[in-house]
Each structure stands twice: as C-alpha cells, then as structure tokens.
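The values are calculated or read from the model by the stated rules, or taken from the named source; none is laboratory data. This structure is a prediction, so every number in the text was calculated from the model and none was measured. All Cβ positions, glycine included, derive from the backbone under ideal geometry; neighbour counts span all protein chains shown. Surface accessibility is based on the protein's heavy atoms, side chains included, excluding ligands, DNA and RNA. Shrake-Rupley method; radii C 1.70, N 1.55, O 1.52, S 1.80 Å.
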Amino acid sequence: MKGSWFIPLFKELREVLIPSRCVLCGIYGFTVLCPSCLKEIETLAKPMRDEKLQSFSLFFYEGKIRELVHLMKYKGFYDLGVILGMIMGRYFNTLTNSFFDGIIPVPLHRRELRNRGYNQSEALVKGFICEYPMPNLKRCLVKVKETRPQVGLSSAQRRENVKGVFSSCKDIKGKRIILIDDVFTTGETIKSCQKVLKLNGAITVETFTLCKQL
C-alpha cells in the first residue's frame with residue numbers, strides 16, 4: 001500500500017522523541033503498564049457478585065484502579081482498557097459456570113463517542129475476548145439519547161437519567177448475554193440495559209464491570 005512504509009517509521013521516530021513509559025510508575029520502555037505494575041494490579045482483584053442485579057465486579061473503585069479508569073476514560077489510553085479487559089477475561093472462569101452466546105459493551109451515544117473518540121467499554125470487551133473468546137454483539141445495543149454524567153446525581157435522578165436511553169435489536173432473541181461496563185455505581189445503567197435486552201428476547205443478561213464504587 002502506498003505510504004505504508006511511513007507508519008512504522010513514524011512510530012520509531014515518535015518512540016525516540018517521546019519514549020513510552022508505564023502509566024503508573026513512569027518507567028520507560030513499556031507502552032502502558034510495566035510487568036511489575038501489571039502484577040500489582042492483578043493482586044488488587046476482589047471478585048464480587050451482586051445476586052439481585054446478576055452482576056459481577058472485579059475491583060473496588062479506589063486507589064490505583066480509580067487512577068487507571070480515569071486514564072482509560074478521559075486521557076486517551078484505549079490500550080489500557082484492552083489490558084484491563086484481558087484481566088477481566090482471565091478471571092471470568094472463576095466467577096461463573098454459565099454459558100453465554102455473546103458479549104455486549106455498554107454503548108455510548110454517538111455524540112459522547114465523538115467527543116471521547118472511543119468507547120472504553122468496547123476496549124474492555126476487546127481485551128476480554130482475547131482471553132475468553134465469544135461473539136461481540138455490540139451492534140445489538142444502542143444508546144439513543146445523550147445523558148448527563150451519573151456522578152453527583154441522586155438515586156432518583158440516576159433512574160430518570162437512563163430512562164428510555166437504550167435500544168436493542170431482535171437478533172438477541174433466545175441468547176444469553178454478558179454485558180460489560182467499566183464502573184458499577186448504583187446499577188441504574190445496568191438495569192436499564194438489562195431491561196431492554198430482555199424485552200427484545202434475551203434469556204439472561206448478566207453484567208461484568210471492571211470495578212465497583214464503594
């Protein structure tokens with residue numbers, strides 16, 4: 001392809017001018033996380049389950065995990081989301097024995113997606129299925145309305161904020177779905193997604209979030 005030689009050359013030049021380094025400890029030579037920090041992050045895992053909402057979470061939303069989520073969502077570290085998703089995928093076997101037909105990331109509205117540049121939940125899914133392969137059914141759930149950030153809202157405001165926000169197709173009829181998101185707060189977003197997926201025929205919808213707010 002014309003000009004294809006330029007891409008690796010540009011990457012090499014950028015690496016000379018701005019060397020990659022670990023986002024946590026700052027050591028040079030690693031594009032996202034160094035092996036030492038990655039190992040430390042994995043030791044922080046506290047797998048937990050909310051039976052009422054059929055939801056799993058892997059970490060508490062605090063300390064270094066909170067820092068990583070902030071980098072993933074707001075500082076452009078898409079590859080960090082992929083790595084964290086891989087950790088989620090490796091733990092999945094220990095959390096459930098259930099069979100799933102496909103995986104769906106909690107979607108962003110098109111304006112939110114344009115502003116951020118990517119969906120962090122899709123990055124998590126990309127990493128997850130590297131470790132635990134299954135069909136990515138992301139087109140089966142769409143966010144049709146833009147919402148306010150859930151942070152700082154009361155429980156009633158959170159429920160109203162996600163009311164009628166998501167839409168699903170009927171290709172999920174009879175399927176068992178695992179839904180992926182980054183942070184579990186009050187669960188209102190999860191409940192809204194689960195409701196619309198089940199209304200369109202999903203047999204079960206369980207959720208796996210990277211972390212849970214204390």
Filtered hits (aspartates and glutamates, Cα-Cα < 16 Å from Lys46, offset >= 8 within chain) -> Glu62, Asp182
Counting only protein heavy atoms and leaving out ligands, DNA and RNA, the solvent-accessible surface of Glu146 at a 1.4 Å probe, in Å² to the nearest 10, equals 90
Two pseudo-spin positions, 7 Å from Cα along C-beta at Ser36 and at Glu131, lie apart in nanometres by 2.2
Restricting to Cα pairs under 8 Å and 6 or more apart, the percent relative contact order of segment 31-128 works out to 29
On the formula 1/(1 + (r/R0)^6), with r taken between the Cβ atoms of Asn97 and Lys198 and R0 of 30 Å, the FRET efficiency rounded to 0.05 is 0.90
Among [x] 1.12; [y] 1.07; [z] 1.17, the entry matching Cα Rg over 2.2 N^0.38 Å as calculated here is [y]
Here segment 36-43 yields Karplus 3J(HN,Hα) values (6.51, -1.76, 1.60; θ = phi - 60°; whole Hz; Gly and Pro given as x) of 5, 5, 4, 4, 5, 4, 5, 6
For Thr207, other-chain or 5+-apart residues with amide H closer than 5 Å (H placed, Pro excluded) are Ser55, Phe56, Leu179
Sorting Val183, Val125 on solvent-accessible surface, 1.4 Å probe, most exposed first, gives Val183, Val125
Computed over segment 55-214, the relative contact order (Cα-Cα under 8 Å, seq sep at least six) in percent reads 31
Non-local residues with an amide H under 5 Å from the amide H of Arg21, with H modelled 1.01 Å from N and Pro and chain starts lacking one, are Gly29, Phe30
Along segment 114-120, Karplus-curve 3J(HN,Hα) (6.51, -1.76, 1.60; θ = phi - 60°) to the nearest Hz, with x for Gly and Pro, reads 5, 5, 8, x, 6, 9, 4
Counting only DSSP beta bridges fully inside the chain, the antiparallel percentage to nearest 5 is 30
Note: Thr43 to Cys25 extended length (0.36 nm per residue) minus current alpha-carbon separation gives 4.9 nm
Using a 1.4 Å probe on heavy atoms of the protein chains only, the accessible area for Thr94 in Å², nearest 10, reads 100
Ignoring chymotrypsin sites (Phe, Trp or Tyr not before Pro) buried by more than 11 other Cβ within 10 Å or outside DSSP loops, the longest site-free run in the chain is 100-214
Once phi for every residue in segment 49-66 is put through the Karplus expression 6.51 cos²θ - 1.76 cosθ + 1.60 (θ = phi - 60°), the whole-Hz ³J(HN,Hα) values, with Gly and Pro written as x, are 9, 9, 4, 4, 9, 6, 10, 10, 9, 9, 10, 7, 7, 7, x, 5, 5, 4
Taking the chain and counting helices only, DSSP H stretches of n ≥ 4 at -39,500 (n - 2.57) each over all residues, the nearest-500 ellipticity at 222 nm comes to -12500 deg cm²/dmol
As straight-line cross-link partners of Lys198, the qualifying lysines (C-alpha separation under 25 Å, not fewer than 8 residues apart within one chain) are Lys52, Lys126, Lys138, Lys143, Lys145, Lys163, Lys170, Lys173, Lys175, Lys212
